[in-house]
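Here's the structure we're looking at; comments come further down.
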């Protein structure tokens, strides 16, 4: 008999509802959670036993958005959801990060968590709802989990914090901060901010932590009614304890000596040799070497952590606050629009900026609807960056997450689209890595964009902080190494300008940290950030005065909205011709804003003149360049001012008598014409006889009266002239399109 239970509470001005026992009842834990009209099914399933020899915790989190949740049908040929989008990958990571530290140490059973968005109300972002729902599902499942976890989104506007701001409120918020944690403390923070102070950021974390306490209480109450029996955890046996003691005795001295080496590759060789020698000694004693592998990692952590706490000196010889040597170089790739090589110790990022037009914007199909993104940042982490050989394929979750973190750090400083109408793409290739390549990407991206001429409001830098926390004290580490990240308790990344913070990301590997530790880390990070900005300024202090010569120049012009149709032409014929002949990229907005992009300024000017000619109105007495698009017995149709055309009557072709139109002009001829009037239907009357065809000079005053055409008496007999005129007027009245240039 399944036990249905429902718990609801008012939270942030909306109703949060947790239900269990009705759907997905064969999962170890299943919760249907709703917030407003956003509904998510969250499930947790664990395997009862670990695979033999498993030396890591196989936790998988799958967050998936179903198109039907927003009343949409997926695009593409197959019309069904496919591989996870970037947003789904990021939200899967968001759920994973705060729950992973809350499983027991040494737990190796496979656990899978699935969060499926079933309904989306276009107001409440599903990520917070999914995180709370997954925490609840785990708490009910019986799987060993030291939760529950609560979560919240915090906005900031007009000096006040906002709990779980809606999509509309986020448009004007100075902060988007997502945090998760337990009743005791915070486990995860992810944010983007508009240069806010350390005090405001810390206040936002405290505000959010207090705000999600009722959610944690609701999950506990749900578990009291519906939780399954907890799994029994096996304690370490006497043999395991004895093996740990032998690993310590045989490996401590050699591993400690290895960690005295300051150069990463040499240090790895020495530590590896010490572990290999200790393993051989264990094998000689008949002990289980495979089981000892994980114990060596614990021994390494104990050596590194206690050395730092005891001496204040780190693996590479620095104290806790010193940042490694920094070298920033710009303009290193001659054909790139902007490039930078940022090196900090043994971490190095090659960042390359490319400028494009509106046609290069990324189109994102999301539950909220389709939107366009004009700034992209792609992070790549090839295996050679850490001296390894490995498989290279499409970006993994880590690459997507690190790229988005750097994106958030840079995004608040980008110029407004109407002031800098370029699409910007930055690729960060990590060519060396030993700690915080994501923050190196922030610094390198800032330099590359400024090298490309992007007018950033201010340069941006980032720094990664670490933590060693034991019962006897703690140490906050500035600019952490890879080993300090792996063996420490916190990965705390802060990016910003000299004015304030633009991005903050924190992941805790222990159950929680205090706000005093966070405050210390933020203050220490500020000092480090200002130092890094000073080192970056040695390469470039601000954006270059203009974009690179290899980048497209974008000129913006405005035309009346009613003229857009003429510029585009029937079926896009006119705009295609302009693009083909000028080799420019042209974007036309509905408000009449037109962006012309080209690397050749002459071609760009040709396109501009062409478009201005289309929207310009012909003026009486003005001379224009034109092209004959059709000839008739009564004269020639001439195209001028882009898509406009008019008639040069046979009597206006040249001075003197003209027997036949094609005696003077033929289709395709370039001519110079003068506007001499308009007929009663607004059709343009043109003259060639009043213009010197060689120089384009107006010769109206030197031209005599029009010669009579036909017999000596001047008028043709039989009414031939009226008949031709009538034929022309009828053709014009029926909308004839000479040369296909009129819509």
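Quick notes on this one:
- Checked against the criterion of being within 24 Å of residue 48 (Cβ to Cβ), assigned to a helix (DSSP H, G or I), modelled with pLDDT of 90 or more and touching a helix residue (DSSP H, G or I) at 6+ places or on another chain (Cβ under 9 Å), the candidates 206, 223 yield just one match: 223.
- Test result for residue 658, under 14 Å from residue 691 (Cβ atoms) and either buried (at least 20 other Cβ atoms within 10 Å of the Cβ) or free of Cβ contacts under 8 Å to residues at least 60 places away in the same chain (or both): no
- One residue alone among 62, 3 is more than 27 Å from residue 489 (Cβ to Cβ), surrounded by fewer than 18 Cβ atoms within 10 Å (Cβ to Cβ), in contact with a helix residue (DSSP H, G or I) (Cβ under 7 Å, 6 or more places away or on another chain) and modelled with pLDDT of 95 or more, and that residue is 62.
- Residue within the range 524-539 that is in contact with a helix residue (DSSP H, G or I) (Cβ under 8 Å, 6 or more places away or on another chain) and over 29 Å from residue 190 (Cβ atoms) present: yes
- Taken together, the residues in the range 1-47 that are within 22 Å of residue 231 (Cβ to Cβ) and in a loop (DSSP other than H, G, I, E, B) amount to 10.
- Scanning the range 156-171 for residues being outside any helix (DSSP H, G or I) and either in contact with a helix residue (DSSP H, G or I) (Cβ under 7 Å, 6 or more places away or on another chain) or surrounded by 13 or more Cβ atoms within 10 Å (Cβ to Cβ) (or both) gives a total of 8.
- Taken over the range 363-386, the criterion of being closer than 24 Å to residue 463 by Cβ and surrounded by fewer than 15 Cβ atoms within 10 Å (Cβ to Cβ) is satisfied by 382 alone.
- Verdict on residue 645 being touching a helix residue (DSSP H, G or I) at 6+ places or on another chain (Cβ under 6 Å), in contact (Cβ under 8 Å) with a residue 12 or more places away in the chain, closer than 21 Å to residue 578 by Cα and outside the structural domain of residue 574 (by TED's automatic domain parsing): yes
- Of all the residues in the range 661-688, those that are touching a strand residue (DSSP E or B) at 6+ places or on another chain (Cβ under 9 Å) and more than 16 Å from residue 625 (Cα to Cα) number 7.
- Of the residues making up the range 585-601, those that are without any contact (Cβ under 8 Å) to a residue 40 or more places away in the chain and in contact with a helix residue (DSSP H, G or I) (Cβ under 8 Å, 6 or more places away or on another chain) number 6.
- Matching residues, the range 514-550, being farther than 30 Å from residue 492 by Cα and either surrounded by fewer than 16 Cβ atoms within 10 Å (Cβ to Cβ) or assigned by TED's automatic domain parsing to the domain that holds residue 590 (or both): 545, 546, 549, 550
- All of 344, 314 fail the test of being closer than 24 Å to residue 271 by Cβ, touching a strand residue (DSSP E or B) at 6+ places or on another chain (Cβ under 6 Å) and buried (at least 19 other Cβ atoms within 10 Å of the Cβ), apart from 344.
- If the condition is being part of a loop (DSSP other than H, G, I, E, B) and over 23 Å from residue 396 (Cβ atoms), then the range 48-68 contributes 48, 49, 50, 52, 53, 66.
- When residue 192 is tested against (1) touching a strand residue (DSSP E or B) at 6+ places or on another chain (Cβ under 6 Å); (2) under 19 Å from residue 512 (Cα atoms); (3) not in a helix (DSSP H, G or I), only condition (2) is not met.
- One residue alone among 442, 476 is at pLDDT below 95 and either outside any helix (DSSP H, G or I) or in contact with a helix residue (DSSP H, G or I) (Cβ under 8 Å, 6 or more places away or on another chain) (or both), and that residue is 476.
- Residue check, residue 91 without any contact (Cβ under 8 Å) to a residue 60 or more places away in the chain, crowded, with 19+ Cβ neighbours inside 10 Å and within 34 Å of the chain's Cα centre (by Cα): yes
- Residue check, residue 627 at negative phi and at pLDDT below 90: no
The values are calculated or read from the model by the stated rules, or taken from the named source; none is laboratory data. All values derive from a computational prediction rather than experimental measurement. With ideal geometry, Cβ positions are generated from the backbone for all residues, glycine too; neighbour counts draw on all protein chains shown.
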